[in-house]
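Enquirer: Right, I'll just put the structure down here and ask away after.
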Amino acid sequence: MGRTASTVPQLSYAALAATCAAALISAAGAANDAGAGVAADPACPACAAEEASLLQIGSAASARQGTATVVDWVGPCSVGDHVTCRGTGKACSGAQCCPSFNGSGTFPCPSAPADSANLCQAPAKLQNCLFEAVPAPNASWQAANALEAAWDAELVSVQAHNFVRKSVTLANGQVVGYLERSSNCSDGRTLLAFHGLTQVIYDFIEFVAALDAPEDVRVLIPDAMGHGSRIPYALSLGDKLKGWTAKERADDAVAFLDALGDVPGVVDVYGWSMGGATGLSFTAYHPDRVHRAALVAPAAAFTEGVLEQTNEGNLAANFRSVAQAVPWLEAIGMPPAAARQGAPLLAWQRAATLVDPKYWGRMWTGLLSDLGPDAAAMVANCRGKADLVARAGKSVAVIIGTADAIVNAGVPDAIAEALGPEHSQVTMLPGLGHYGDPSDAEVTIPAPAGPVAAKWLGYV
């Protein structure tokens, strides 16, 4: 069934650390702009106090590390500082008005003084960067400091890989932030990349960079529904927010391409985890838009262990504290020591989104909501989507770790059996989990998956 094994090369663990450091940064700014508050979590009484502490710790970290790649996120500032207006990227300082954003009317600069309510068309700031002094360093601060170099690397990765941050308005009025690497050829190919749950577009650069796609390939990485630039819309749904299925995310990707209006023909598809599930649905339900697809650990069906935890209400992706972040990082394949190192900063970034305790849990359950009641039904659902892909004559590669504790082991076989050896390939990465290697902190999945996907997509 086209199954191959791949030898995993050794690489720096900085890539995963950078993911931890950068995850949810633009989401933090977007949610803060929307005016959401940190709500009490009855399942974690200590979380609110810890979140408040983490936010203070993170303020100083943000001040030192800068915000070069996240134009919508303004780090801590003083009254009158030169900062960036939300959404437009225009500069402002102190008692000035920012241009209207999404019909808001002009609004006060993030560094405007507190008495600026009547200064602009909209009285309230869409973002406030003024802050009080932070407390002395503590244990969490010391652990977060270890990731600063990785964060700095993430901040320059956009420019290093020739990406530009852009936005586009969909037909339904939603504004979608995305990264684009332009092609040097007007009739070149286009790669549509789908990031994973709780990630933002910057996190997926390492996956795309590992492809080493030719310069004539245009690369698009849009924010997924409910992520990054799209958190404000999700929050506006209130209690109606239920998350989104992979099919709904695939339909949204079509709306994204249509809104761009300059993507002729078919696209190559590349996705990881939730993005892999989105890629499978995109190929199944919109085959006329697809050339080929390469899916890394596609979350199209889940393991019995994950479903048991979900049914018990133990949603690892919905972590709210350092202690809760550790099991999540371990679940995606980080060794225990590395998970403990990455958890403090990741927890601060989750706190900085300022969403209520149910938000990311809803993103999680939304993804699962149409897959079936148990693992067997989910694998059958995956097979049904693969059958649609087969009928359309499209080809799909699955790249997955042998130690993946998230994705059901039946997923790659279901896809390969439906498509047959001529239209499918399964590559097993020895020892890899969903993202990392549980036994080796120096190994993460983007680097070994990239060359396999590049060959499958015809980039080499």
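Enquirer: Which condition from (1) part of a loop (DSSP other than H, G, I, E, B); (2) open to solvent by 10 Å² or more (accessible area, probe 1.4 Å) is the one that residue 323 breaks?
Expert: (1)
Enquirer: Scan the range 235-244 residue by residue and report those that are in contact with a Gly (Cβ under 9 Å, 6 or more places away or on another chain) and surrounded by fewer than 19 Cβ atoms within 10 Å (Cβ to Cβ). Give the derivation first.
Expert: Narrowing the range 235-244 to residues in contact with a Gly (Cβ under 9 Å, 6 or more places away or on another chain): 235, 241-244.
242 - this is the single residue of the range 235-244 that is in contact with a Gly (Cβ under 9 Å, 6 or more places away or on another chain) and surrounded by fewer than 19 Cβ atoms within 10 Å (Cβ to Cβ).
Enquirer: Across the range 387-410, what is the number of residues that are in contact with a helix residue (DSSP H, G or I) (Cβ under 7 Å, 6 or more places away or on another chain), outside any strand (DSSP E or B) and within 13 Å of residue 429 (Cβ to Cβ)?
Expert: So the count comes out to 0.
Enquirer: Which one of 256, 282, 319 is over 19 Å from residue 200 (Cα atoms) and of a type outside the set (Lys, Arg)?
Expert: Values: 256 fails: over 19 Å from residue 200 (Cα atoms); 319 fails: over 19 Å from residue 200 (Cα atoms).
Among 256, 282, 319, only 282 is over 19 Å from residue 200 (Cα atoms) and of a type outside the set (Lys, Arg).
Enquirer: Across the range 173-197, what is the number of residues that are open to solvent by less than 10 Å² (accessible area, probe 1.4 Å), touching a Pro at 6+ places or on another chain (Cβ under 9 Å) and assigned to a loop (DSSP other than H, G, I, E, B)?
Expert: Qualifying residue count, the range 173-197: 1.
Enquirer: Out of 407, 379, 389, I need the residue that is more than 15 Å from residue 306 (Cβ to Cβ) and either among the acidic types (Asp, Glu) or in contact (Cβ under 8 Å) with a residue 60 or more places away in the chain (or both). Which one? Spell out the reasoning first.
Expert: Details: 407 fails: more than 15 Å from residue 306 (Cβ to Cβ); 379 fails: more than 15 Å from residue 306 (Cβ to Cβ).
Checking each option against the conditions leaves just 389.
Enquirer: I've got another one for you. Is one or more of the residues making up the range 379-386 within 18 Å of the chain's Cα centre (by Cα), in the same structural domain as residue 245 (by the TED database), of a type outside the set (Ser, Thr, Tyr) and surrounded by 21 or more Cβ atoms within 10 Å (Cβ to Cβ)?
Expert: Taking every residue of the range 379-386 in turn, none turns out to be within 18 Å of the chain's Cα centre (by Cα), in the same structural domain as residue 245 (by the TED database), of a type outside the set (Ser, Thr, Tyr) and surrounded by 21 or more Cβ atoms within 10 Å (Cβ to Cβ).
Enquirer: Another one. Suppose the filter is open to solvent by 10 Å² or more (accessible area, probe 1.4 Å), touching a residue at least 40 places away in the same chain (Cβ under 8 Å) and at positive phi; does residue 305 pass it? It would help to see each step written out before you state the result.
Expert: Numbers: open to solvent by 10 Å² or more (accessible area, probe 1.4 Å): yes; touching a residue at least 40 places away in the same chain (Cβ under 8 Å): yes; at positive phi: no.
Criteria not met by residue 305.
Enquirer: Another question, if that's okay. Could we say that residue 237 is touching a Leu at 6+ places or on another chain (Cβ under 8 Å) and not small (Gly, Ala, Ser) here?
Expert: On the way: touching a Leu at 6+ places or on another chain (Cβ under 8 Å): no; not small (Gly, Ala, Ser): yes.
Criteria not met by residue 237.
Enquirer: Further, regarding this structure: In the range 340-366, what count of residues is obtained for those that are modelled with pLDDT of 85 or more and hydroxyl-bearing (Ser, Thr, Tyr)?
Expert: Of the residues in the range 340-366, 2 are modelled with pLDDT of 85 or more and hydroxyl-bearing (Ser, Thr, Tyr).
Enquirer: When the range 307-339 is examined, which residues are found to be touching a strand residue (DSSP E or B) at 6+ places or on another chain (Cβ under 9 Å), under 27 Å from residue 281 (Cα atoms) and not small (Gly, Ala, Ser)?
Expert: Matches in the range 307-339: 310, 329, 332.
Enquirer: Looking at 396, 389, 355, 326, which one is under 17 Å from the mean Cα position of the chain (by Cα) and not aromatic (Phe, Trp, Tyr)? So that I can check it myself, show each step before the final result.
Expert: Values: 396 fails: under 17 Å from the mean Cα position of the chain (by Cα); 389 fails: under 17 Å from the mean Cα position of the chain (by Cα); 326 fails: under 17 Å from the mean Cα position of the chain (by Cα).
Among 396, 389, 355, 326, only 355 is under 17 Å from the mean Cα position of the chain (by Cα) and not aromatic (Phe, Trp, Tyr).
Enquirer: Pick from 249, 292: which is among the basic types (Lys, Arg), part of a strand (DSSP E or B) and either modelled with pLDDT of 95 or more or surrounded by 20 or more Cβ atoms within 10 Å (Cβ to Cβ) (or both)?
Expert: 292
Enquirer: Looking only at the range 198-216, which residues are surrounded by 21 or more Cβ atoms within 10 Å (Cβ to Cβ) and in a loop (DSSP other than H, G, I, E, B)?
Expert: Within the range 198-216, the subset surrounded by 21 or more Cβ atoms within 10 Å (Cβ to Cβ) is 198-208, 210-211, 213.
Answer for the range 198-216, where residues must be surrounded by 21 or more Cβ atoms within 10 Å (Cβ to Cβ) and in a loop (DSSP other than H, G, I, E, B): 198, 199, 200, 213.
Enquirer: Let me ask something additional. Within the range 158-174, track down each residue that is free of Cβ contacts under 8 Å to residues at least 60 places away in the same chain and among the hydrophobic types (A, V, I, L, M, F, W, C).
Expert: 160, 163, 164
Enquirer: Consider only pairs whose beta carbons are under 8 Å apart and that are at least six residues apart or on different chains; among these, list those whose first residue lies in the range 175-190 and is within 18 Å of residue 226 (Cβ to Cβ) and assigned by the TED database to the domain that holds residue 267 and whose second residue is part of a loop (DSSP other than H, G, I, E, B) and among the charged types (D, E, K, R).
Expert: Pairs found: 176/223; 177/72; 177/223; 178/223.
Enquirer: Got a number for residues in the range 206-235 being over 12 Å from the mean Cα position of the chain (by Cα) and modelled with pLDDT under 90?
Expert: Total meeting the criteria: 2.
The values are calculated or read from the model by the stated rules, or taken from the named source; none is laboratory data. The structure presented is a predicted model; accordingly, all values stated were derived computationally and were not measured. With ideal geometry, Cβ positions are generated from the backbone for all residues, glycine too; neighbour counts draw on all protein chains shown. Note: areas computed on protein heavy atoms with side chains; ligands, DNA, RNA excluded. Shrake-Rupley method; radii C 1.70, N 1.55, O 1.52, S 1.80 Å.
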